[in-house]
Amino acid sequence: MKRIKWYVYLIFILLVCLVVSNVYWIFNTKSIKENLDKNCQSNLESVREELQNKFFTDSKDFLIDIAIPLTYFVRDSLQSNRTYQVGECFNQIVKNKGFKEISFVSGDKIQISTNKKYEDSVFSKLYPEQFASFQKITVVSDQGKIFVVSPVMNVNEKIGFIIISYVLSQ
C-alpha cells in the first residue's frame, strides 16, 4: 500500500478550512445585512416622522403669517362697507394649493365664505363652537386639516372672526 504524501494532507486541510471559512463568512454577512436593513428601516421611519412634523410646523407658521394681514384687510374692508372685496380676496387665496375654504363669521352666522352655500348659515353646524371664543390667532389641527381662527377686532370690540381651512398634502 502506498503512503499518501504529507502535502496531500495539507492541501486537504486547507480546502476544509477554506470551505468552513466561506460558510462562516456567508452566514455572518447575512446577519450583518439583516441588522443593517433593520437599522435603515428605523432610520427611515424617524426621518419620515421628523419631516412630517417639520412640514406641519412650517404650514402652521405660513398660515399664521397669512392670517395676520388678512385680518386687518377684512377689518378695514368691513368698516368701509366693501364686503365684495373680502369675498374676492378669499377666493383668490383659496385658488392656491392647500387652501380649502375661508369664511368670515359675525355673531353666530357665516357672513362671507368661499363656499357660497355656507353663507348665512349657523357656523356651529359646520365648525366647533369653541372657535367663537378664541381671542387671538389660534391654529387647530384635525385629521390632516389645519384650521386657523383669527378674531377680527374693532377698536374696542370683536366684530367677528375668520376661519381658514387648509388641507395638508403629503
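Of all residues in the stretch 142-170, those satisfying the criterion of being among the small types (Gly, Ala, Ser), surrounded by 13 or more Cβ atoms within 10 Å (Cβ to Cβ) and under 26 Å from ASP58 (Cβ atoms) are SER150, SER165. Taken together, the residues in the stretch 125-137 that are open to solvent by 30 Å² or more (accessible area, probe 1.4 Å) and either touching an Asp or Glu at 6+ places or on another chain (Cβ under 6 Å) or not in a loop (DSSP other than H, G, I, E, B) (or both) amount to 5. When only residues in the stretch 86-124 that are farther than 16 Å from LEU63 by Cα and hydroxyl-bearing (Ser, Thr, Tyr) count, which is least open to solvent (accessible area, probe 1.4 Å)? Only one residue fits best here, namely SER113.
Checked against (1) out of contact with any Ser or Thr (no Cβ under 7 Å at 6 or more places or on another chain); (2) without any contact (Cβ under 8 Å) to a residue 60 or more places away in the chain; (3) open to solvent by less than 70 Å² (accessible area, probe 1.4 Å), LEU63 meets all criteria but (2).
Just one of the numbered conditions (1) open to solvent by 30 Å² or more (accessible area, probe 1.4 Å); (2) farther than 22 Å from VAL167 by Cβ is not true of SER77: (1).
Only a single criterion out of (1) touching a Lys or Arg at 6+ places or on another chain (Cβ under 9 Å); (2) charged (D, E, K, R); (3) under 20 Å from SER169 (Cβ atoms) is not satisfied by ASP120, namely (3).
The values are calculated or read from the model by the stated rules, or taken from the named source; none is laboratory data. Model, not experiment: these values are computed from the prediction. Positions of Cβ are generated from backbone atoms using ideal geometry, with glycine treated the same way; all protein chains shown enter the neighbour counts. Just the protein is used for accessible areas: all its heavy atoms, side chains included, with ligands, DNA and RNA removed. Shrake-Rupley method; radii C 1.70, N 1.55, O 1.52, S 1.80 Å.
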